[in-house]
Structures are given as C-alpha cells and as structure tokens.
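Scroll down for the structure; my scribbles are underneath it.
The values are calculated or read from the model by the stated rules, or taken from the named source; none is laboratory data. Quick caveat: nothing in here was measured; it's all calculated off a predicted structure. No Cβ is skipped: glycine too gets one built from the backbone with ideal geometry, and neighbour counts run over all protein chains shown. Surface accessibility is based on the protein's heavy atoms, side chains included, excluding ligands, DNA and RNA. Shrake-Rupley method; radii C 1.70, N 1.55, O 1.52, S 1.80 Å.
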Amino acid sequence: MSEAVVIIPHYNDVVRLMRCLAALLPQVTETTQVVVVDNASTDALDPVRAAYPELTIVTEPAKGAAEARNRGVAVSTAPKLFFLDCDCVPGEGWLAAAHRVAGGADVIGGRVDVFDETPPPRSGAEGFETIFAFDNRRYVEVEGFSVTANLLTTRTVFEAVGGFRAGLSEDVDWCRRATAAGFSLAYDDGLRVSHPSRSDWPALRRKWRRMTQETWHLRKFQPGGRLRWGLRGLAMLPSILVDAPRVLSSETVRDGAERRRALATLARQRGQRCLWMLRQTFGGEI
C-alpha cells in the first residue's frame, strides 16, 4: 500500500501535463502513487499513455478541478494526499520534501514560483504575473488558505472536512472549512513548484474573470456580503496606486519597457475587476 498519492487534475493541456510528469515521475518511488484525473478532455491523452503506460489515469465527467480532485481521492487509498496542478512543474526534490514535511501540520501549502513560457521581452501580462501571482506564503499566513497547485493534507483531514466544492474558490473554501474545523494550516517554503505566467491579456482576463466569479459565489451569501463586495470593487481603483511601487521596485521586472507594460496591465486588471464586481453587486452577470 502506498504512503501517499499525488493527485493531478487535467483538462485539455497535454503538453503541460507531459512537462509536469517528466519532472515528477523520476522522483516517485514505490511509496507513492500518482493519479491523473482527466475532466473528459476533447484532446486525446494518447501521448501520455504511450510515454507512461503504468500511470494511473481516470476520467471524471463532471467539469471542474474540484470534481477531479475529489475523484482522485475517491479512487485512491493512501493516507497522505498531495495535490499538484497539471500546468505546474514540481521542483527537484519536491516529492521528498512533501514526504518530509507531511504531518507537520494538518494542511500544508508550499511555494509557487512563476516562469515565462515565451522568450523575452515580457508582455504586460507576464510582468504582472511575475510580480503579483501566487504569493502562497501570504495566502497561508494572512488569508488563511493555500492554493491547491501545491497542497498537502491527509485522508483523515479530507474526510472530516469533506470534498472540494465546485463553482467557487475551492481552495479558499476548503482550507477555511478545514481551519474552522480546528485543523492547522502551515506554509513550507522548501516545498516548491513552478507555474507558467499568463502570456497575454486575454489569458489573464480569463483567469481573473473566473476567480472573480468564484470568489463572488463564496462571499455573496455572507452577512453584508453584497455591500462588502461592492466596496471591495471600488477599492480596486486606489489599489493601482498602492501596488504601483511593487512594479517599480521589482527585482524581477527591471527593464523600463517591461515595467511600463506591467503597470499598464495592473491598471487594466484592477479597472476590469472594479467593473465586474460592481456589476455583480447590483445583480448583473460578468
């Protein structure tokens, strides 16, 4: 019986899944099972099956990474649950680190670095993502959740908390249900994966539209949720000025043209979120 299972949801992203597996599978020993849960992709997984004939691949027809992760838990039996996204690249020694730190807390989030998939110069979206995406230490230590792209827990905790819930920010929702139930949440900087930056504005817009919808569904039924959501939407505009110094002082985006593009994308992203959130506040759809 395996000590741990790595659960990887997938949908129509075979190239990135192959990259993820190429980094992960050389780390795997007999103590760990890897389960890829495909969300009924329209793209064939033949290259994956040909390259890794022993890999466990199951299909979950219900759409959404939350449903895929739940299926991965259901079809496995290992006591340790390690969640990884198919577009992430686990760092060298990620699996050994996961085994080493597992048990240090009931739920553990690791570091998520950002890398570009396109050659320089960076687009505005890439510059924005490089600076603002995946601050998982802050998510864990300040906001009380970890992204599921790099998340460890146990079957005991998962069964006590219940599965991920689709249609909302499932990582936020699940982690906060876990801590509300008395389980501990911690961050480990040695547990590292890398995630590609969004390469252009349409990709970045899709990401934030989805996140805005999911967070709205999580908050709208809370006491005073609609009013607070509207105020938070209005706060998007002054946040441009608040966060502009992060772009100007960034150690990773140093080229002047890249900084200007990142600043323009910051303003565009916050302005778009303001419009979306105000529309939701007054009963509209985005």
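Remarks
- Only one of Gly110, Gly103 that is closer than 15 Å to Thr148 by Cα and either open to solvent by less than 10 Å² (accessible area, probe 1.4 Å) or not aromatic (Phe, Trp, Tyr) (or both): Gly110
- Scanning the range 146-196 for residues that are touching a residue at least 40 places away in the same chain (Cβ under 8 Å), closer than 13 Å to Val107 by Cα, open to solvent by 30 Å² or more (accessible area, probe 1.4 Å) and under 19 Å from the mean Cα position of the chain (by Cα) yields a count of 6.
- Scan of the range 114-131 for residues that are surrounded by fewer than 21 Cβ atoms within 10 Å (Cβ to Cβ) and among the acidic types (Asp, Glu), ordered by number: Asp116, Glu117
- Yes/no for Phe134 being aromatic (Phe, Trp, Tyr) and open to solvent by 10 Å² or more (accessible area, probe 1.4 Å): yes
- Scanning the range 37-75 for residues that are open to solvent by 40 Å² or more (accessible area, probe 1.4 Å) and hydroxyl-bearing (Ser, Thr, Tyr) yields Thr42, Tyr52, Thr56, Thr59.
- Subset of the range 49-92 [within 23 Å of Val157 (Cβ to Cβ) and assigned to a helix (DSSP H, G or I)]: Ala65, Ala66, Glu67, Ala68, Arg69, Asn70, Arg71, Gly72, Val73, Ala74
- Within the range 241-279, considering residues that are of a type in the set (D, E, K, R) and at pLDDT below 95, the one least open to solvent (accessible area, probe 1.4 Å): Asp255
- Residue in the range 148-170 that is part of a helix (DSSP H, G or I), in contact with a helix residue (DSSP H, G or I) (Cβ under 6 Å, 6 or more places away or on another chain), under 23 Å from Val73 (Cα atoms) and among the small types (Gly, Ala, Ser) present: no
- Which numbered condition Leu204 fails, given (1) buried (at least 17 other Cβ atoms within 10 Å of the Cβ); (2) touching a strand residue (DSSP E or B) at 6+ places or on another chain (Cβ under 6 Å); (3) not hydroxyl-bearing (Ser, Thr, Tyr): (2)
- For the range 117-145, a residue qualifies if it is basic (Lys, Arg) and without any contact (Cβ under 8 Å) to a residue 40 or more places away in the chain, and exactly one does: Arg138.
- Answer from Gln33, Gln27 - the residue that is free of Cβ contacts under 8 Å to residues at least 60 places away in the same chain, of a type outside the set (A, V, I, L, M, F, W, C) and crowded, with 17+ Cβ neighbours inside 10 Å: Gln33
- Positions within the range 213-240 being open to solvent by 60 Å² or more (accessible area, probe 1.4 Å) and either under 14 Å from Leu278 (Cβ atoms) or touching a residue at least 60 places away in the same chain (Cβ under 8 Å) (or both), in sequence order: Arg226, Leu227, Arg228, Leu231, Arg232, Leu234, Leu237
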